[in-house]
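These notes concern the structure reproduced below.
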Amino acid sequence: MSSYYSRSPPPLQHPVPTHPAFIPEPPSTPGPGSPPQGYHRYQPQPHIPDFAAWGMNDSTAQFGMQLGQSAVAAGHEYVQKNFGGFIPLSHLKHHFNVSNSYVMKKLQILFFPWRHRPWSRRVRRSEAGHTEWQPPRDDINSPDLYIPLMAFVTYILISALQTGLQDRFHPQILGASASRALVVLLLDLLFVKGGCYLLNVQSSSQVTDLVAYGGYKFVGVILTLLTGLVNPSRTIYLLVFSYAFAANAFFLLRSLRSVVLPDLSSTTTPVTVSHAQRKRRITFLFLEAVMQVIYMGILIRV
């Protein structure tokens, strides 16, 4: 018993502290106008789809994504290489730079061109110091591709609707109408470009400008086709077609004048034209205006 009480108690085990030995100080309060320090902006991580749910592993999914990116890059390079020199993408962006007010005013000019003036286009100075045409959003006389493109699609749909009401609809009607419209546009473009080449017309207008001017004829064609849907008399139908042709012809006479007979005060490449050249170019303008009756007559024969 004495030996039991004489045994010394075991040493006490003090717990080891688990808190860090160094506590960082909070970041200092930034001064006015200085960005906060010690904090990082949250950067959202890109969402990676779960390809395992589709039965694909990660390596196959990554290979497919890389292959798709390579295909898109190759397609963009092909378009730039083969079509970039003919119709640069910057010109397309310029001609699609429109607004709602521009579209409404342009349609009013197309239906009532003799009430509009002036017809001269506006120029501006770019950041590089070169003069260029103002976009359609800022110049009502600037040609655009939005209205011709929408009118082109509407023409195809109305042609299909008219054949459907006459129990003549077939899916091939859509392709035939589109092909007919493209052939007419191409013939009109070749006629204008050929005339400008023979007359030695040196203008800053691009191919997209001529395509836009040629595409405005679809507005008058649509008006004629819509009139035919209500089954009017032949006299009224011919009157509407004559009015649409006259409006389009007058519009082209005034609009193409800036291409064939550029004004020194509103052009990016000032040129001088002799009296004999001026007379031949005016004759060419009237011939182009008269040719519209043939083009529009082909388009309304659905």
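In table form, for the structure just shown:
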read-out	value
Karplus (6.51, -1.76, 1.60) ³J(HN,Hα), θ = phi - 60°, over the range 116-127, in Hz, Gly and Pro reported as x	9, 6, x, 10, 6, 8, 9, 10, 9, 9, 6, 5
Phi to ³J(HN,Hα) by Karplus 6.51 cos²θ - 1.76 cosθ + 1.60 over the range 175-184, Hz, x for Gly, Pro	x, 5, 5, 5, 5, 4, 5, 5, 5, 5
Rounded accessible area of ILE298 (nearest 10 Å², 1.4 Å probe)	70 Å²
Interchain or long-range residues, amide H under 5 Å from ILE140's placed H	none
Carbon and sulfur %, accessible surface of the range 145-300 computed with the full protein complex present, 1.4 Å	68 percent
Where SER258, SER159 fall by accessible area, highest first, once all protein chains stay in place (1.4 Å)	SER258, SER159
Ranked order, HIS170, HIS275 - accessible area, probe 1.4 Å, largest first	HIS275, HIS170
PHE245, PHE286, ranked by accessible area, largest first (probe 1.4 Å)	PHE286, PHE245
Listed peptides 171-180, 215-224 by packing density, highest first (mean Cβ within 10 Å)	215-224, 171-180
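The values are calculated or read from the model by the stated rules, or taken from the named source; none is laboratory data. For clarity, every value in this text was computed on a predicted model and none was experimentally measured. Counting neighbours? That spans all protein chains shown, and the Cβs are built from the backbone with ideal geometry, glycine included. Note: accessible area is taken over every heavy atom of the protein model, side chains too, but ligands, DNA and RNA are not part of it. Shrake-Rupley method; radii C 1.70, N 1.55, O 1.52, S 1.80 Å.
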